[in-house]
Amino acid sequence: MRGSVTKARNAVAKAASERVAAKSAAKRKRSEATKKAWATRRARKSVPAPIPASSGLFMPFLTKGGVVYVNPVGTDRKLVGGYWHAVRVYLDSGTTNDLDRFDGRAIFDTETQRRLPFITDPDSILEHVDEIDFGASFYKRRDEVVRFAA
């Protein structure tokens with residue numbers, strides 16, 4: 001009887017030690033992975049994020065003088081696209097609700113290094129409606145550009 005109790009106690013101790021060894025091995029493995037991820041994040045953080053480059057395509061932009069082509073970067077490109085959607089909605093339906101979102105806002109043109117405000121006045125838009133073309137060649141390369149912002 002005494003030998004069987006010792007065998008059982010040894011079996012329990014062995015199973016417990018294997019669990020502890022497995023846990024410490026898993027912890028060590030997690031720790032190594034964590035250290036590697038930390039080093040990767042730190043290396044990524046030390047390199048400055050690149051400034052988003054423009055696609056090289058110029059976008060039409062409505063100014064008081066008419067439609068000119070600008071080269072905005074980053075979120076300004078998205079703003080110009082949203083603005084032309086608002087202009088199209090205005091021309092199709094006559095509602096200026098979408099244009100009101102652009103009132104008082106401007107974009108930065110990298111070509112002229114100036115900020116250009118959005119034209120939200122319906123009369124100004126109608127004044128230049130013949131220059132607006134929503135065709136397939138909406139965006140242009142440098143050699144296709146008719147008029148840059150002045």
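Count the net charge of all other residues whose Cβ sits under 13 Å from the Cβ of Thr96, scoring Lys and Arg as +1 and Asp and Glu as -1. All intermediate terms of the calculation are to be shown ahead of the outcome.
Values: positive: Arg88, Arg101; negative: Asp92, Asp98, Asp100, Asp103, Asp121, Asp123.
So the environment of Thr96 carries a net charge of -4.
Name the lysines eligible as straight-distance cross-link partners of Lys35: C-alpha to C-alpha under 16 Å, and not fewer than 8 places from it in the same chain.
Lys27, Lys45
Taking the highest mean first, how do the peptides 99-110, 121-132 order by number of other beta carbon atoms within 10 angstrom per residue? Don't skip to the answer; put the middle values down first.
On the way: 99-110: 15.5, 121-132: 12.7.
Top of the packing list down: 99-110, 121-132.
Taking other Cβ within 10 Å of each residue's Cβ, how do Leu62, Leu116 sort, fewest first?
Values: Leu62 23, Leu116 19.
Arranged by neighbour count, lowest to highest, Leu62, Leu116 become Leu116, Leu62.
Quick one: if you stick a label point 7 Å off each Cα along the C-beta vector at Asp133 and Lys36, how many nm between them?
For Asp133 paired with Lys36, the spin-label model returns 5.5 nm.
Only the coordinates and a few stated rules stand behind these numbers; no lab work does. As the structure is a computational prediction, the values presented were derived from the model and not from experiment. So basically every Cβ, Gly included, is an ideal-geometry build from the backbone, and we count neighbours across all protein chains shown.
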